[in-house]
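I have placed the structure first, in the form of structure tokens, so that the comments after it can refer back to it.
The values are calculated or read from the model by the stated rules, or taken from the named source; none is laboratory data. Everything quoted here is computed from the prediction, not taken from an experiment. Here the Cβ is made from the backbone with ideal geometry for all residues, glycine too, and neighbour counts use every protein chain on show.
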Amino acid sequence: MNDGMESSTPASAISSADEVRKLRDELDKAGKKLVFTNGCFDLLHAGHVRYLAQARALGDALVVALNSDASVRELKGPSRPVNTEEDRAEILKGLRSVDAICVFTEPRVTKLIEQIKPHIYAKGGDYTVASLNPEERAALDFVGAEIEILSLVPGRSTTKTLQRIAAGEAETTDAPRKLRIGVLGSGAGSNFEAIRGAINDGSLHAEIACVISDHNDSGIITAARKAGLPAFFVDPGINPKRFPDSAQKEVCEHLQRANVDVVVLAGFMRIVRDPVLTEFKDRIINVHPSLLPKFKGSDAVQRAIDEGELETGTTIHLVTAAVDDGRILAQASVPIEIGDTAELVHERIKKEEHRLLPQVLREWTEK
Ligand code: GRF
């Protein structure tokens, strides 16, 4: 009798190395990329799910090399794994981000890397490129795989979960999640510092998930690196007026991988287009140094002086495809006095921005 239930013994979710190699070759022919990662994935938690989604976003398909039961035991001790390799594979296969699963029995994943020849190798942020196992590193270099280290989701781990269960403690969801902010900038980075200051003094419940700049030596990227934050330079190419499609895509991928909730354009001197605009619709804010709708575009401060305005200011607004045109979230004005230079007025404006921007983000956290 058919009771509408699926068969209780589904086909194995585990693929052979040859099958995955075939997938890799097909992708390669189509100019696409296979991402490879490995791990135990014993008790799947939100950290795993987010990590795998980030890994998948690096290319066009994702293969997970799963530690066999024996190798989990060796790594984690005799009480592990909690789930068998067949079950772990079946659970992983249920994720949209996972395209194939292989199981490896050796302590290292070297042989699978050599057999599959992935285009990209992803590893969690508890490693650095330098701390990867030398044998695996050599195999990756040999097959020409790009290595990407992804940030881990803090506080989530199978070991921690098991300890909590053993202690009879419940997981608490009392603390609201921190707002994850991605900051894009080209210049000094004083607005970035204002956000950081508000986070550090506890007035903004957020974290800076990534910083992106189109200048590899800008103040903002230097400060972000110094602060130990994930900071990325995206090469804009040679045309100062154009931020090409490849760069737009790269920015989007960094923001996605960092699981950003809101994107802040803090002095980013490029026009942001798709896929970022679509992917982060209504979640991108810009800081513009004028009282919009007046003085859209570049040189806004100088133009306000030249027009004989008695005041100008700053506007924080949502970003849409039309430049400096989205819904206004906050504004503050400053006076323009006789003899003022653009530098002087801009300093005055920045003081207001440093107050207003954290305030807008705070309101965002309360949404
Ligand atoms: C800000 O004044 C902002 O209005 C404009 O660029 C400036 C960025 O300054 N779009 P900083 O890099 O944050 O110091």
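Specify which of the listed residues (Leu92, Leu62) is at pLDDT 95 or above and touching a His at 6+ places or on another chain (Cβ under 9 Å).
Details: Leu62 fails: touching a His at 6+ places or on another chain (Cβ under 9 Å).
Going through Leu92, Leu62 in turn, the sole match is Leu92.
Give me the pairs, please: first residue somewhere in the range 62-77 and over 15 Å from Arg88 (Cα atoms), second residue anywhere and part of a helix (DSSP H, G or I), beta-carbon distance under 7 Å, and either six or more positions apart or on two chains.
Filtered contacts from the range 62-77: Leu62/Leu52; Leu62/Ala55; Leu62/Arg56.
May I ask you to verify whether Val323 is assigned to a strand (DSSP E or B), closer than 30 Å to Ala247 by Cα and assigned by TED's automatic domain parsing to the domain that holds Leu356?
Against the criterion (assigned to a strand (DSSP E or B), closer than 30 Å to Ala247 by Cα and assigned by TED's automatic domain parsing to the domain that holds Leu356), Val323 does not qualify.
Any chance the range 322-333 includes a residue that's touching a residue at least 24 places away in the same chain (Cβ under 8 Å) and under 19 Å from Gly189 (Cβ atoms)? Let's see the steps before the verdict.
Just the residues of the range 322-333 that are touching a residue at least 24 places away in the same chain (Cβ under 8 Å), to begin with: 323-326, 328-333.
Adding the requirement that they be under 19 Å from Gly189 (Cβ atoms) leaves none.
Within the range 322-333, not a single residue is touching a residue at least 24 places away in the same chain (Cβ under 8 Å) and under 19 Å from Gly189 (Cβ atoms).
Could you tell me which residue of the range 175-197 is nearest to Glu363 (Cα to Cα), considering only residues that are among the hydrophobic types (A, V, I, L, M, F, W, C), in a strand (DSSP E or B) and within 14 Å of the ligand (Cβ to nearest atom)?
Ile181
Which residue pairs have Cβ atoms closer than 6 Å, lie 6 or more positions apart in sequence or on different chains, and pair a first residue in the range 179-198 that is within 21 Å of Val234 (Cβ to Cβ) and outside the structural domain of Val260 (by TED's automatic domain parsing) with a second residue that is within 9 Å of the ligand (Cβ to nearest atom) and in a strand (DSSP E or B)?
none
Within the range 20-41, how many residues turn out to be within 13 Å of Ala65 (Cβ to Cβ) and either out of contact with any helix residue (DSSP H, G or I) (no Cβ under 9 Å at 6 or more places or on another chain) or of a type in the set (A, V, I, L, M, F, W, C) (or both)?
Total satisfying the criteria: 6.
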